[in-house]
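Okay, structure first, notes after.
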Amino acid sequence: MLAMNKIKILGITVITIAATVVITSCKDKRSTGWEYAPNMYEHIAYDPDQKNDNFKDGKTAQVPPAGTTPIGFVRFDYPNTHDGYELAGTEVKSPLPQTPANYADGEVLFAHFCSPCHGLTGQGDGLVVQHGFPPPPSYSKGQSSRGGAMKDLTDGKIYHTITYGLNAMGSYASQLAPDERWKVIMYVHHLQTL
């Protein structure tokens with residue numbers, strides 16, 4: 001008798017499981033069931049390339065308004081021209097204080113970014129020159145391609161050159177932040193006296 005009850009219970013259990021599987025398999029496949037935190041994957045913000053009726057041109061990605069400066073960006077409003085170079089040379093001065101820490105940082109930055117061409121002492125004898133490339137002028141003895149002695153270059157002229165590049169030297173604006181450029185300039189002024 002006890003064995004028959006066990007078989008009966010086992011049979012009912014198997015039939016119940018089979019019925020559940022059949023019923024749930026026939027369910028509408030488009031429904032995903034309950035949603036937990038749908039805002040995690042269905043955002044209400046517009047994608048940058050999505051059409052947006054909130055703007056006259058219908059684009060989501062908008063150009064910043066004229067005259068605005070992004071957070072953390074430092075403006076350098078001197079054009080990449082000879083006149084911009086000369087104007088920067090007369091108007092632009094270093095905003096950083098002359099401290100031993102800034103000077104030491106400038107020396108390290110110069111060694112990493114500038115010495116491959118300019119050499120560790122700024123004489124234009126870096127590793128790149130030793131491999132056959134034309135040497136840049138010496139900071140203490142050379143003449144600038146824009147006129148005048150390299151030892152007389154001002155903060156603004158050096159900053160302009162680091163920002164935009166000159167001749168074979170490319171721009172270092174993406175490698176050196178504005179404050180790092182000023183630290184390099186502090187060290188270059190030291191090299192101009194050697």
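The values are calculated or read from the model by the stated rules, or taken from the named source; none is laboratory data. The structure displayed is predicted, hence computed values, not measured ones. Here Cβ is always computed from backbone atoms with ideal geometry, including for glycine, and neighbour counts include all displayed protein chains.
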query: Would you pick out the residues in the stretch 85-104 that are over 23 Å from R75 (Cβ atoms) and in a loop (DSSP other than H, G, I, E, B)?
result: Q98, T99
- request: Identify all residues within the stretch 49-74 that are touching a Gly at 6+ places or on another chain (Cβ under 9 Å) and assigned to a loop (DSSP other than H, G, I, E, B); write none if there are none.
  value: N52
message: Looking at Y103 and the list (1) under 12 Å from V188 (Cβ atoms); (2) at pLDDT 90 or above; (3) buried (at least 17 other Cβ atoms within 10 Å of the Cβ), which single condition is not satisfied?
response: (3)
query: Name the residues in the stretch 126-148 that are without any contact (Cβ under 8 Å) to a residue 24 or more places away in the chain, under 25 Å from P79 (Cα atoms) and out of contact with any Pro (no Cβ under 9 Å at 6 or more places or on another chain), would you?
result: P137, G147, G148
message: Can you report the number of residues in the stretch 75-84 which are outside any helix (DSSP H, G or I) and either of a type in the set (A, V, I, L, M, F, W, C) or surrounded by 10 or more Cβ atoms within 10 Å (Cβ to Cβ) (or both)?
response: 5
query: What is the number of the single condition among (1) surrounded by fewer than 19 Cβ atoms within 10 Å (Cβ to Cβ); (2) over 19 Å from D77 (Cα atoms) that Y187 does not meet?
result: (1)
- prompt: How many residues does the stretch 123-164 contain that are more than 17 Å from V92 (Cα to Cα) and outside any helix (DSSP H, G or I)?
  reply: 23
- prompt: Checking R181 against (1) over 19 Å from Y85 (Cβ atoms); (2) of a type in the set (D, E, K, R); (3) without any contact (Cβ under 8 Å) to a residue 24 or more places away in the chain, which single condition isn't satisfied?
  reply: (1)
message: Please count how many residues of the stretch 106-139 are among the aliphatic types (A, V, I, L, M) and surrounded by fewer than 16 Cβ atoms within 10 Å (Cβ to Cβ).
response: 4
field: Odd one out for A111 among (1) at pLDDT 90 or above; (2) assigned to a loop (DSSP other than H, G, I, E, B); (3) small (G, A, S)
entry: (2)
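For the stretch 147-172, give me the residue count where each residue is of a type in the set (G, A, S), under 11 Å from N80 (Cα atoms) and surrounded by 17 or more Cβ atoms within 10 Å (Cβ to Cβ). Even if it seems obvious, please write down each step before you answer.
Initially, the stretch 147-172 is screened for residues of a type in the set (G, A, S), giving 147-149, 156, 165, 168, 170-171.
From the residues that got through so far, the ones that are under 11 Å from N80 (Cα atoms) too are 165, 171.
Now drop any that are not surrounded by 17 or more Cβ atoms within 10 Å (Cβ to Cβ), which leaves none.
Final tally of qualifying residues: 0.
Tell me, yes or no, whether the stretch 84-99 has at least one residue that is farther than 24 Å from H190 by Cα and out of contact with any strand residue (DSSP E or B) (no Cβ under 8 Å at 6 or more places or on another chain). Before you say what the answer is, go through the steps one by one.
Narrowing the stretch 84-99 to residues farther than 24 Å from H190 by Cα: 84.
Checking the rest, the ones that are also out of contact with any strand residue (DSSP E or B) (no Cβ under 8 Å at 6 or more places or on another chain) come to 84.
Yes; the residues of the stretch 84-99 include at least one that is farther than 24 Å from H190 by Cα and out of contact with any strand residue (DSSP E or B) (no Cβ under 8 Å at 6 or more places or on another chain).
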